[in-house]
Amino acid sequence: MSISQLTTNDRLRAAQAASALRSNAAYAAPATQAPTRQPDAVSLSDSARALSAARNAVASATEVREDRVGAIKAALASGTYKVDSRQLARTLLQQGVI
């Protein structure tokens, strides 16, 4: 394998190409900087906030009346559970639920 000799024109073209690459690199350096990162953010929907509030309310409940819960479960299972709708409406209005 032999290496061919460069002519004067070849050397001139190589020097011009190297000079062009150097000048392009000088202009390109600022453009290659990494973009600034935005901080991460999370946005919760109204439903998620309501669910979280309900979960916190249940977690902070003082006591569960197991005897009452058991009686209601049994009445529901047997189909004998009755709700007085007038009393329920009164209680909801008094407590400001609706």
**Request:** Work from the charge dipole of the stretch 49-98 (Cβ charges, +1 for Lys and Arg, -1 for Asp and Glu, about the Cα centre) and give the residue of Thr80, Thr62, Leu93 farthest towards its positive end.
**Result:** Leu93
**Complete:** On the formula 1/(1 + (r/R0)^6), with r taken between the Cβ atoms of Val64 and Asp40 and R0 of 41 Å, the FRET efficiency rounded to 0.05 is 0.60
**Request:** Starting at the first residue of the stretch 51-63, write each ³J(HN,Hα) from the Karplus equation 6.51 cos²θ - 1.76 cosθ + 1.60 with θ = phi - 60°, in whole Hz, x for Gly and Pro.
**Result:** 5, 5, 5, 5, 4, 5, 5, 5, 5, 8, 4, 6, 8
**Request:** Would you compute, for the Cα atoms of the chain, the largest minus smallest coordinate along each principal axis and list the three values in descending order, in whole Å?
**Result:** 107, 38, 25
**Request:** Sum -39500 (n - 2.57) across every DSSP H segment of at least 4 residues in the chain, then divide by the residue count to get the 222 nm mean residue ellipticity, nearest 500.
**Result:** -20500 deg cm²/dmol
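Each reported figure results from applying straightforward, stated rules to the coordinates on display, with no laboratory input. The structure presented is a predicted model; accordingly, all values stated were derived computationally and were not measured. All Cβ positions, even for glycine, are placed from backbone atoms using ideal geometry, and neighbour counts span all protein chains on display.
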